[in-house]
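Trainee: Here it is, the structure in full.
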Amino acid sequence: MTKLTICQYPDAALSTPCMPVTTFNAELSTLADNLYETMKAAPGVGITAAHCGIFLRLVVLDLAELGGRRNFVNPEILSHSEEMMTHVEGSVSMPGFTDELQRPRRVTVRYQTLDGTPTEEALEGFPAICMQHEIDQLDGIFWLKRLSRLKRDRLVKRFEKADR
């Protein structure tokens, strides 16, 4: 496995929508393994290929609630609950900076496995939050865009100060 380079905010790659995966082969599995190693070293609990400048719709999560590592190819949200949940979010592309966001508590997602098998699954709580966060990233929506303008501006100023 190879540790990949994570794009750091405000890299334009973090605003780039990803293309669907169309080829399910050993290269895709290797990419998922490399993303997993990169995520664990960051450290983080979720990562997309986009975080590493690879614009394919691939998510890797490592959550106890999901039984550990899971790979999601071409994930999409089919439905979400009206009930919302507040949770602290951050990104491997902006380490050390977090803020609270509200997202639907439950989602139903459709995705493919690394071998292309179509799957649907209901997620609730933290796994649902993580999946929504990562799908946003696949769509070129960095998590900061979900904050109010005031919260986003404050966080970016803190980030820029820390970067000096």
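Trainee: Counting pairwise Cα distances across the chain, what percent come out greater than 23 angstrom? Mind showing how you got there, number by number?
Mentor: Values: 4676 of 13366 pairs.
For the chain, the fraction of Cα-Cα distances above 23 Å is 35 percent.
Trainee: Evaluate E = 1/(1 + (r/R0)^6) for Glu120 and Thr5, where r is the Cβ-Cβ distance and R0 equals 35 Å; express this FRET efficiency to the nearest 0.05. Don't skip to the end; give the middle numbers.
Mentor: Working: r = 33 Å, r/R0 = 0.95.
The calculated FRET efficiency here is 0.60.
Trainee: Where in region 76-110 are there GluC sites (Glu not before Pro) that are in a DSSP coil and have at most 10 other Cβ atoms within 10 angstrom of their Cβ?
Mentor: On the way: sites: Glu76, Glu82, Glu83, Glu89, Glu100; in loops: Glu82, Glu83.
For GluC sites (Glu not before Pro) across region 76-110 that sit outside H, G, I, E and B with at most 10 neighbouring Cβ atoms in 10 Å, the list reads Glu82, Glu83.
Trainee: List the lysines whose Cα lies under 27 Å from the Cα of Lys157, skipping any in the same chain that are fewer than 8 positions away.
Mentor: Lys145
Trainee: ³J(HN,Hα) across region 67-82 via Karplus (A = 6.51, B = -1.76, C = 1.60, θ = phi - 60°), whole Hz, x for Gly/Pro?
Mentor: x, x, 5, 9, 10, 10, 9, 6, x, 8, 8, 8, 7, 9, 6, 6
Trainee: With n ≥ 4 as the cut-off for DSSP H runs, can you work out [θ] at 222 nm for the chain, using -39500 (n - 2.57) per run divided by the number of residues, rounded to the nearest 500?
Mentor: Details: 3 runs with 44 residues, N = 164.
Per the formula, -8500 deg cm²/dmol.
Trainee: Would you list which lysines come within 29 Å of Lys151, measuring only between C-alpha atoms, while excluding same-chain residues fewer than 8 positions from it?
Mentor: Reachable lysines: Lys40, Lys161.
Since every read-out is calculated from the coordinates, none of them should be taken as a lab result. Because the structure is predicted, anything quoted here is derived from the model rather than measured. FYI the Cβ positions are ideal-geometry reconstructions off the backbone, even for glycines, and counts take in every protein chain you see.
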